[in-house]
Amino acid sequence: MSAPARAAGLGASTTVPLLRVEDLSVVFQRKGEAATRAVDGVSFSVAPGQTLGLVGESGCGKSVTSLAIMGLLPKRGVKVSGGVFFEDRSLLELSEGELRDLRGAEIAMIFQDPLSALNPVIPIGIQVTEVLTRHRGMKGDVANREAIDLLERVGIPDPKRRLTEYPHQLSGGMRQRALIAMALACQPRLLIADEPTTALDVTIQAQILELLRELVVGSDTALVLITHDLGVVAGLCDTVHVMYAGRIIENADRREIFYNGRHPYTGGLLRSIPRLDAARGETLTPIRGSARDAIPWQEGCAFAPRCDHVEDDCIGQPPKLETVRGGHSLRCLHPLDHPPEIETLETIV
Amino acid sequence: MSNSRTDSAQDPAATAAPGEVLLDVSGLKVYFPIRSGILFDRTIGHVKAVDGVNLSIRRGETYGLVGESGCGKSTFGRGVLRLNEPTEGKVLFDGVDVASLDGEKLRSMRRRMQMIFQDPLSSLDPRQNIESIMTEGMNAHGLGGNSSARRTRITELLEAVGMSASALRRYPHEFSGGQRQLIGIARALAVQPDLIVADEPVSALDVSVQAQVINLLEELQGEFGLTYLVIAHDLAVVRHISDTVGVMYLGRLVEQAASDDLYAEPLHPYTRALMSAVPVPDPDVEDRRERILLAGDLPSPANPPSGCRFHTRCPWRQETRCDDEEPHLRELTTGPADTGSSSARAGTAPVTAPVGSPSGTAPGGSPSGTAPGGNAPGAVPSTVVPPAPHLVACHWAEGIRDGHLRPKSADQVAADQGVYIAAEGALDPAAVIGAGRDAV
């Protein structure tokens, strides 16, 4: 690895955050069953024009966090606590009607699987104009023209024809573009993208990421990107929050995470994925066990059963999220001294 | 070869040297008919999933086949095993034409070619316990002696994949995704195969678990003398695990090379685009890279473009030949010079072996093939297989290699071909985000 050039932080702390999540917890409680704490005291904030990455494996609570922010979790059997503030409005205290005015207009969401996020029996055009009618009061021809314009802007060819087509007639990449067009219809100030490219091929993924990058960089729209792919994070996010078993275990700006990440789980993730530019013969070091092995945070560090750096005091009391240095926080009693060294090759296309 | 294959003494192949061709596929085509009509079931066309692929895999080698969804890589794997009947072409497995076999002969041949599937939950019978899942194949092929010997054998296999004998009485749903995949691998090994076709073996797994399965596949290869055909969409995974990598696009093989050569010098425009699209978990690398964005989507495999199938999206497309003349795989010596500074290139200097008949390549023992990754601790001892020649199906590969031809931007390609792209400059963020805000 070349010398870890550490860029100065992006100065997120100096701007007023657009979204503030404070000590957010989500508990699923079914009658006669033990409660499941899916999200456990998560806090972060995003400023306009910034991209925040929420990283973790399946079941770590990253998607539930996004649904809680949007107020899309079911009311029954779910307890959401903590605070979600969009500018100065507390989203958790808004009524369903007020939320509906906000969703789609100021906060929009892009889902992982565009096929299931789009209604299969309604043409694309109607689904796009629906947003325009609901939030911008456009009707008929005006709405149609705007929809064509939107589809064109996200790079869908022949948008007029596409308006009359159904989701199944579009390719995966085009469906995701249509979904992005709908999300952009009212120029949202906050965009939440939950694994927006996971269902897509890499070349299409590159197109969509480029599109997202262009939408955020240089504008005052903030993006919360939820993903399991550290590669996507490395290219797109300003700050990165790594989640494990419902809690944030490490967060920092992206260079700090990748070149100075100190949580054994962060390091483990980096060493366990094959890198395209890694020298061949570089062996992968998997993380032992699976996410199922996590222990409840109340009994100690949830990652302890899989951790190579586990010590006796890791079990017993839960570690706290503590600031290591400006903008870099860590939830670990025995962090790594240095991040994993991976031998890489020079050339890369 | 492993000494554990005591049952297969009748199997002449078991004693063969590494490096000889085990699987030789020529002109394989797998077409799926498109039917129309309710009363009259007419065939109105074909989806040409695999359309003339030549490829050979040497014993002890790991051959990685990459491509995006719809390129025909999975169908190719299934065609080789005759899980999908090939429309045309020849599949020679250890010298025997698989297509000519039927009945009992095909059945016993299948013992030697096993498959690992992408989704371990749907490929394991939910109502069978692990013992019964694993012994089924052994029973069918009369392997493993009596039931107690079989049980010892499957216990050994479970241990080989890192699971304990307590798994035997349990059912697939009781395991995590990673463990199920390990069971799938152990099941494949139970019948002592020579070739394992692994179709997306890790893509359904969480990242931290992927590495466990990848490492296991590498270990088992050494232990059981296996040959792999690994089919995956993830170029980083394929590059990591494979000796030779083949890149497929729309039913055709467009490039094939030793894993390090392909990385050091991808020659086909599609391979370059594919490589540049793979994200690397390293902010500095990501900031430095220039992405080659492709315009548009994969064309329909029912009606592939004329000439080079990639010409509709190709940033290097030229006025002549590309549109109407179909390129064939040909060999290019790697690079204009030996100046390649990368140590990875050391062992893969210009290859002189003839292309058409890889069986003519030197049998194992040639020390020149063992160079790359000599520092690898615990790496697979499959380096006895000499590096494969670098083949590419592009008319202009030399010009691309030497930098005489420059790629066009995706916008230009899109404009030329009438397909879409939202690449650099095509979008003015202010136009998208800002437009109409005042209109609200």
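Every number in this text was worked out from the coordinates using simple rules, so none of it is lab data. Since we're looking at a predicted model, the values are computed, not measured. With ideal geometry, Cβ positions are generated from the backbone for all residues, glycine too; neighbour counts draw on all protein chains shown.
The table below gives the values:
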| item | result |
| --- | --- |
| For segment A:182-333, share of DSSP beta bridges that run antiparallel, in % to the nearest 5 | 70 percent |
| Alpha-carbon Rg/Rh ratio, for the protein assembly as shown, with Rh computed the Kirkwood way | 0.96 |
| Estimated FRET transfer efficiency (residue A:101, residue A:317; beta-carbon r; R0 45 Å; 0.05) | 0.55 |
| Label-point separation in nm, residue B:326 to residue B:42, each point 7 Å along Cα→Cβ | 2.6 nm |
| The protein assembly as shown - mean residue ellipticity at 222 nm from DSSP helices (-39,500 (n - 2.57) per run, n ≥ 4, rounded to 500) | -8000 deg cm²/dmol |
| The protein assembly as shown: antiparallel DSSP beta bridges as a percent of all, rounded to 5 | 60 percent |
| Protection proxy ranking of B:219-225, A:187-193, B:262-268, A:76-82 - average other beta-carbon atoms within 10 Å, highest first | B:262-268, A:187-193, B:219-225, A:76-82 |
| Only Lys, Arg (+1) and Asp, Glu (-1) charged, at Cβ; the protein assembly as shown dipole about Cα centre in debye | 1660 debye |
| Net lengthening on full extension, residue B:406/residue B:164 (0.36 nm per residue, minus Cα-Cα) | 81.5 nm |
| Distance between segment A:212-278 and segment B:139-187 - C-alpha centres, whole angstrom | 38 Å |
| Full-extension gain in nm, residue A:76 to residue A:149, via 0.36 nm per residue minus C-alpha separation | 22.3 nm |
| Segment B:162-233: proportion of alpha-carbon pairs further apart than 20 angstrom, % | 29 percent |
| Cα gyration tensor shape of segment B:69-224, rounded if a/c is under 1.5, else prolate or oblate by comparing a/b with b/c | oblate |
| Net length gained if the chain between residue A:343 and residue A:89 were fully extended (0.36 nm per residue, minus Cα distance) | 86.7 nm |
| Spin-label model distance (nm) - residue A:295 vs residue A:169, 7 Å beyond Cα toward Cβ | 5.8 nm |
| Spin-label model distance (nm) - residue B:173 vs residue B:100, 7 Å beyond Cα toward Cβ | 4.8 nm |
| Per-pair calculated FRET efficiency, R0 = 35 Å: residue B:129 and residue A:161 via Cβ, rounded to 0.05 | 0.05 |
| Over 21 Å between alpha carbons, listed pairs A:160/B:408; A:79/A:320; B:48/B:90; A:75/A:139; A:31/A:79; B:48/B:408 | A:160/B:408; A:79/A:320; A:75/A:139; B:48/B:408 |
| Where only C-alpha atoms are counted, convex hull volume of segment B:234-294 per residue in Å³ | 88 Å³ |
| Farthest toward positive dipole pole in chain A [+1 Lys/Arg, -1 Asp/Glu at C-beta], among A:219, A:261, A:335 | A:219 |
| Rounded if a/c under 1.5, otherwise prolate or oblate - segment B:12-135, Cα gyration tensor axes | oblate |
| Rounded D (µm²/s) - segment A:121-203, Kirkwood Rh over Cα pairs, Stokes-Einstein at 10 °C, 1.306 mPa s | 122 µm²/s |
